[in-house]
Amino acid sequence: AHGQGAPASMRPIPQEAYDEWKTISAPTLSNDGRWAVYTLTPQAGAGTLVARATSGNTEYRHDRGYIARVNYTPSGRGGSTAPPAAVTADSRWVIFTIDPSRSAVDSARRAKKRPDQQPKAGLGIMDLASGQVTTVARVTSFKVPKDRGSYVAYLMEADSGAAADSSGRGGGAGAGAGRGNAGGAPPPASSDSSRRKVDGTMLVLRDLSSGTDARMANVVSYAFNDSGTVLAWVVSTKAGTTDGAFARDLKTGA
């Protein structure tokens, strides 16, 4: 361009163009150094999980849903809603959340749906051997061990419809009572405390190497130890009769 200012033929960039500008967020490397994993996040719109090989040209991508949401609250702050993706300690799997689509979120907002009727996030499990992704609907959170193993534990929404494992292999509250409940079963809760309490939701423990699941009902919190040998969880119900802390040996299943 010659002279002062921009040519008359140039048009200003609209807001929609800025919304498409993407940044790399939460980059991480697998423990074996073979994969770089990150999320491409626009200013507003759907994000994309990227798993790129550090040697060669292999790259896998998967939609993370409407993670960069427009904030319609006056003076509110927008930004990404997506927690970082996690690579399992064996460098074989990528675990990440998947938000609902923008159309579903906007439709629910216009309809002024209650929080329990809003579209819910899910979970994605990517196999780095093939790029194939397994999805699980209506998941509130997930955790993986820090230093060992190919396990993931994730907590389901209250109305997800998941049922407890009644075989006893799931290590749920009923199966663990008397064996893993430190201090024994607590007394029934009083009527006052029952009104204040809520039931926990279904916790799923998945062995990614075998594809098998164990389910524990009414869980409110959970954690792996760093070495990935034990999963611990806390059970809470309105009645309080099965409340307690439980632990599962991931090697033996006890």
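No lab work stands behind these numbers, since they all come straight from the coordinates. What you are looking at is a predicted structure, and each value in this text was computed from that prediction instead of being measured. Glycine also receives a Cβ, built like all others from the backbone with ideal geometry; neighbour counts cover every protein chain displayed.
Beta carbons within 10 angstrom, averaged per residue: use that to sort the peptides 244-251, 109-116, highest first.
244-251, 109-116
If amide hydrogens are placed 1.01 Å from N in the peptide plane, which non-local residues have theirs closer than 5 Å to the one on ILE98?
It is GLY122, LEU123, GLY124, by chain and number.
What ³J(HN,Hα) values, in whole Hz, does the Karplus curve 6.51 cos²θ - 1.76 cosθ + 1.60 give for segment 242-249 when θ = phi - 60°, with x put for Gly and Pro?
Once θ is set to phi - 60°, the couplings for segment 242-249 become 10, 5, x, 10, 9, 9, 10, 6 Hz.
Can you pick out the pairs among LYS22/LYS251; LYS143/LYS238; LYS22/LYS120; LYS112/LYS146 whose Cα atoms lie more than 32 Å from each other?
The answer is LYS22/LYS251; LYS112/LYS146.
Mind listing the long-range amide H neighbours of THR241? Cut-off is under 5 Å, sequence gap 5 or more, other chains count too, H placed in the peptide plane at 1.01 Å from N.
ALA189
Using the Karplus curve 6.51 cos²θ - 1.76 cosθ + 1.60 with θ = phi - 60°, what ³J(HN,Hα) values do you get for each residue of segment 105-114, in whole Hz, with x for Gly and Pro?
Values per residue, Gly and Pro as x: 5, 5, 5, 5, 5, 5, 7, 6, 6, 5 Hz.
Take each of the peptides 146-153, 31-38, 55-62, 215-222, average the number of other beta-carbon atoms within 10 Å over its residues, and list them starting from the highest.
In descending order of packing, they fall as 215-222, 146-153, 31-38, 55-62.
Taking θ = phi - 60°, what integer Hz values does the Karplus form 6.51 cos²θ - 1.76 cosθ + 1.60 yield along segment 52-58, in sequence order, with x for Gly and Pro?
Going residue by residue, I get 10, 5, 7, 10, x, 10, 5 Hz, with x marking Gly and Pro.
Taking amide H positions as placed 1.01 Å from N in the peptide plane, with prolines and chain starts having none, which residues 5 or more places from THR23, or on another chain, fall under 5 Å of its amide H?
THR41
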